[in-house]
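Here the structure is laid out as C-alpha coordinates; the discussion comes afterwards.
The values are calculated or read from the model by the stated rules, or taken from the named source; none is laboratory data. All values reported here derive from a predicted model rather than from experimental measurement.
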Amino acid sequence: MTATLDEIKEILLLMNKNIEAIHEKVTIICNKLDGEIFNECKKMSSHIDFVENVYNKMKHPLNYICDTITSMSDNKTICNDVQA
(Lines give C-alpha, C1' and ligand atoms only; values in the text may rest on other atoms or scores of the structure.)
Protein backbone atom coordinates (compact mmCIF):
# COMPACT_ATOMS: atom_id res chain seq x y z
CA MET A 1 0.00 0.00 0.00
CA THR A 2 1.53 3.24 -1.15
CA ALA A 3 0.51 6.60 0.28
CA THR A 4 -0.23 9.37 -2.15
CA LEU A 5 1.42 12.76 -1.88
CA ASP A 6 -1.81 14.26 -0.50
CA GLU A 7 -1.98 11.60 2.22
CA ILE A 8 1.65 12.18 3.14
CA LYS A 9 1.06 15.94 3.22
CA GLU A 10 -1.99 15.42 5.48
CA ILE A 11 0.00 13.19 7.83
CA LEU A 12 2.84 15.71 8.01
CA LEU A 13 0.41 18.56 8.74
CA LEU A 14 -1.16 16.52 11.55
CA MET A 15 2.27 15.69 12.97
CA ASN A 16 3.24 19.36 12.79
CA LYS A 17 0.09 20.36 14.73
CA ASN A 18 0.88 17.74 17.37
CA ILE A 19 4.45 18.98 17.69
CA GLU A 20 3.24 22.58 18.07
CA ALA A 21 0.78 21.53 20.80
CA ILE A 22 3.54 19.66 22.63
CA HIS A 23 5.83 22.67 22.28
CA GLU A 24 3.19 24.95 23.84
CA LYS A 25 2.74 22.58 26.77
CA VAL A 26 6.49 22.28 27.33
CA THR A 27 6.77 26.08 27.27
CA ILE A 28 4.05 26.37 29.93
CA ILE A 29 5.79 23.77 32.10
CA CYS A 30 9.16 25.51 31.73
CA ASN A 31 7.64 28.86 32.69
CA LYS A 32 6.10 27.33 35.81
CA LEU A 33 9.37 25.64 36.73
CA ASP A 34 11.40 28.80 36.21
CA GLY A 35 8.91 31.02 38.01
CA GLU A 36 6.55 29.62 40.60
CA ILE A 37 8.25 26.36 41.51
CA PHE A 38 11.77 27.81 41.66
CA ASN A 39 10.57 30.59 43.99
CA GLU A 40 8.74 28.12 46.22
CA CYS A 41 11.84 25.92 46.41
CA LYS A 42 13.93 28.92 47.44
CA LYS A 43 11.41 29.74 50.19
CA MET A 44 11.41 26.15 51.43
CA SER A 45 15.20 26.06 51.37
CA SER A 46 15.45 29.20 53.49
CA HIS A 47 12.89 27.76 55.93
CA ILE A 48 14.88 24.53 56.22
CA ASP A 49 18.05 26.54 56.86
CA PHE A 50 16.25 28.50 59.58
CA VAL A 51 14.99 25.35 61.31
CA GLU A 52 18.42 23.72 61.13
CA ASN A 53 20.08 26.82 62.60
CA VAL A 54 17.61 26.95 65.48
CA TYR A 55 18.06 23.24 66.11
CA ASN A 56 21.86 23.51 66.07
CA LYS A 57 21.71 26.33 68.63
CA MET A 58 19.21 24.56 70.88
CA LYS A 59 20.25 20.91 70.73
CA HIS A 60 23.06 21.14 73.29
CA PRO A 61 21.02 22.95 75.98
CA LEU A 62 18.05 20.66 75.33
CA ASN A 63 20.24 17.56 75.50
CA TYR A 64 21.71 18.82 78.79
CA ILE A 65 18.25 19.38 80.27
CA CYS A 66 16.98 16.00 79.08
CA ASP A 67 20.09 14.20 80.34
CA THR A 68 19.82 15.96 83.72
CA ILE A 69 16.16 15.07 84.11
CA THR A 70 16.84 11.49 83.06
CA SER A 71 19.71 11.09 85.51
CA MET A 72 17.68 12.71 88.31
CA SER A 73 14.73 10.41 87.68
CA ASP A 74 17.04 7.39 87.51
CA ASN A 75 18.49 8.35 90.91
CA LYS A 76 14.98 9.12 92.19
CA THR A 77 16.25 12.58 93.16
CA ILE A 78 13.06 14.15 91.88
CA CYS A 79 10.89 12.00 94.16
CA ASN A 80 13.14 12.63 97.20
CA ASP A 81 13.04 16.41 96.62
CA VAL A 82 9.25 16.38 96.41
CA GLN A 83 8.85 14.42 99.67
CA ALA A 84 11.40 16.45 101.66
* Please find, within region 16-56, the residue that is modelled with the lowest pLDDT out of those that are under 15 Å from the mean Cα position of the chain (by Cα) and of a type in the set (Val, Ile, Thr). => Ile37
* region 1-15 - residue that is of a type in the set (A, V, I, L, M) and in a helix (DSSP H, G or I) and, of those, nearest to the chain's Cα centre (by Cα) -> Met15
